[in-house]
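Here the structure is laid out as structure tokens; the discussion comes afterwards.
What follows is calculated from the coordinates using simple rules that are stated; it is not laboratory data. This one's a predicted model, so the numbers in the text were calculated from it and none came from an experiment. Counting neighbours? That spans all protein chains shown, and the Cβs are built from the backbone with ideal geometry, glycine included.
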């Protein structure tokens, strides 16, 4: 588990005027970022289930950003299967 605090010192929103190479000047456009809160807590937690005698690993992670005026959540589930002709990635000989 990890926890952090984010403090934005500069502008709460950013913009960039951009264009494509070779496009007429009328095709210029401006991109703006969403407004961000000045303060936010960042939380990350996860679990990794792995049996050294197996080639399968299960992982689950959750991320959250908690500013004062909005919320952002993400969940990631992953299944990994590995094989290396008898040797696993950690160098341990298996199956012989």
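Check every one of the strands (runs of 3 or more DSSP E) wholly within the range 19-87 and list those with 1 or more residues that are more than 29 Å from residue 9 (Cβ to Cβ).
Numbers: elements: 29-32, 39-50, 56-67, 72-81.
Of the strands (runs of 3 or more DSSP E) lying wholly inside the range 19-87, those with at least 1 residues that are more than 29 Å from residue 9 (Cβ to Cβ) span 39-50, 56-67, 72-81.
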**Message:** Filter the range 42-58 down to the residues that are surrounded by 12 or more Cβ atoms within 10 Å (Cβ to Cβ) and closer than 30 Å to residue 7 by Cβ and list them by number.
**Reply:** 42, 43, 44, 45, 46
**Asked** Only one residue in 2, 17, 71 is loosely packed, with under 12 Cβ neighbours inside 10 Å and either at positive phi or touching a residue at least 40 places away in the same chain (Cβ under 8 Å) (or both), so which one is that?
**Response** 2
